[in-house]
Amino acid sequence: MITVIRIRGGICLDEGLEETLFRLRLRRKYSCVVVPEKPEILGMLKKVENFIAYGKINEETLKMLIEKRGEGEKKEVKKVIEEMEKGKIESIKPFFRLHPPRGGFKKSIKEKFPKGVLGKNEKINELIMRML
C-alpha cells in the first residue's frame with residue numbers, strides 16, 4: 001500500500017496534471033489517499049511527482065490515520081484495512097484530510113526527497129504522524 005499526500009497547491013497547473021491529481025482524489029492541499037501498488041498508479045505518481053509526497057505506509061501509521069482522520073463508519077479498523085487491500089472502500093471516505101505538519105516542513109518544500117519533501121519520500125510515516 002502506498003500513501004500519497006498532496007503538498008503543493010493548484011494555481012496555474014497544466015490541464016493534464018490537474019486531471020491526474022483529480023483522478024488520484026487529491027483535490028486540495030494536504031489531502032491524503034492510500035492506493036494499491038499498481039503500474040498504472042505508479043505512472044500517475046511519477047507524472048505529478050513535483051506536487052506530492054508518496055511512499056509505503058506501515059500498518060501502525062495506517063491504523064492511526066483511519067482512527068483519527070477517517071470520515072464515515074469506522075467500526076472496525078481491521079475491516080477497513082482489508083477493504084483497502086481489496087481495492088473497494090465503502091465504510092469510510094476514500095481520502096483523508098490532514099493538517100499542515102507540526103513544526104513545519106523540516107526541509108525545503110520545493111525540492112525532491114533527499115533535500116526536501118516532494119517525490120518518493122522514505123520518511124512518509126513520520127510526516128503523516130506530524131500531520132495527524
key: Top-ranked residue in region 47-61 [being of a type in the set (A, V, I, L, M) and touching a strand residue (DSSP E or B) at 6+ places or on another chain (Cβ under 7 Å); ranked as surrounded by the fewest Cβ atoms within 10 Å (Cβ to Cβ)]   = I57
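Step by step: first the residues of region 79-130, then only those that are assigned to a helix (DSSP H, G or I), among the aliphatic types (A, V, I, L, M) and out of contact with any Lys or Arg (no Cβ under 8 Å at 6 or more places or on another chain), then the one that is surrounded by the most Cβ atoms within 10 Å (Cβ to Cβ). Which residue is that?
Taking region 79-130 first, the residues assigned to a helix (DSSP H, G or I) are 79-86, 124-130.
Checking which are among the aliphatic types (A, V, I, L, M) leaves us with 80-81, 84, 124, 127-129.
Narrowing further to those that are out of contact with any Lys or Arg (no Cβ under 8 Å at 6 or more places or on another chain): 84, 127-129.
On the way: M84: 18, L127: 21, I128: 24, M129: 14.
The residue in question is I128.
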key: Members of region 62-73 that are in a loop (DSSP other than H, G, I, E, B) and surrounded by 14 or more Cβ atoms within 10 Å (Cβ to Cβ)   = G70
task = With respect to G72, determine if the residue is small (G, A, S), touching a residue at least 40 places away in the same chain (Cβ under 8 Å) and touching a Lys or Arg at 6+ places or on another chain (Cβ under 7 Å).
result = no
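Given the criteria closer than 19 Å to G119 by Cβ and without any contact (Cβ under 8 Å) to a residue 60 or more places away in the chain, does M44 qualify? Give the derivation first.
Numbers: closer than 19 Å to G119 by Cβ: yes; without any contact (Cβ under 8 Å) to a residue 60 or more places away in the chain: yes.
Spelling it out, M44 is indeed closer than 19 Å to G119 by Cβ and without any contact (Cβ under 8 Å) to a residue 60 or more places away in the chain.
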query = Do we have L13 as among the aliphatic types (A, V, I, L, M), assigned to a loop (DSSP other than H, G, I, E, B) and more than 17 Å from R69 (Cα to Cα) here?
reply = yes
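Pick from region 14-26 the residues that are touching a residue at least 24 places away in the same chain (Cβ under 8 Å) and either more than 21 Å from I81 (Cα to Cα) or touching a Lys or Arg at 6+ places or on another chain (Cβ under 8 Å) (or both): which of them is surrounded by the fewest Cβ atoms within 10 Å (Cβ to Cβ)?
Here is the first cut: in region 14-26, the residues touching a residue at least 24 places away in the same chain (Cβ under 8 Å) are 16-17, 20-21, 24-26.
When the remaining residues are screened for being either more than 21 Å from I81 (Cα to Cα) or touching a Lys or Arg at 6+ places or on another chain (Cβ under 8 Å) (or both), the result is 16-17, 20-21, 26.
On the way: G16: 10, L17: 14, T20: 20, L21: 23, L26: 22.
Restricting to residues being touching a residue at least 24 places away in the same chain (Cβ under 8 Å) and either more than 21 Å from I81 (Cα to Cα) or touching a Lys or Arg at 6+ places or on another chain (Cβ under 8 Å) (or both), the top hit is G16.
FYI, it's all coordinate maths here, none of it is from the lab. Being a predicted model, the structure only gives us computed values, none of them experimental. Every residue, glycine among them, receives a Cβ derived from its backbone with ideal geometry; neighbour counts consider all protein chains shown.
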